[in-house]
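First up is the structure itself, then whatever we jot down about it.
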Amino acid sequence: MYIESVPNRNSPPAILLRESYRDGGKIKKRTIANLSNWPTELVEGLRTLLKGGKVAPADQETIIVRRALPHGHVAAVLGACATSVSIVCWDLPATAVVISSSP
């Protein structure tokens, strides 16, 4: 999908959300939506998203993670540490981290 601006003779250009596809070896394009009435900022934001970018609202701050709870394999290692078992975690071939807890 992509956004295309189609010029009109005596009026503003039509801004269209389009999709290209093949039909029997020919490349064709299908109009999905007319975005001509959308604000320019919204159209540019959608265009950025369609290209794989990230968009954050200009009037809001970005999200900042202050604390994340452990989950998955991290929770499993922490749970094993709580049972007073020594665990050897291998990160790189020459590095070992030993986690142990006393009862």
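Things worth noting here:
- Some residue of the stretch 38-46 being modelled with pLDDT of 70 or more and polar (S, T, N, Q): yes
- Test: V65 is among the β-branched types (V, I, T), at pLDDT below 75 and outside any loop (DSSP other than H, G, I, E, B): no
- From the options R22, R18, residue that is exposed (fewer than 11 other Cβ atoms within 10 Å of the Cβ), part of a strand (DSSP E or B) and modelled with pLDDT of 75 or more: R22
The values are calculated or read from the model by the stated rules, or taken from the named source; none is laboratory data. Please read these numbers as outputs of a predicted model, since none were measured by experiment. Neighbour counts run over all protein chains shown; Cβ positions are idealised from the backbone, glycine included.
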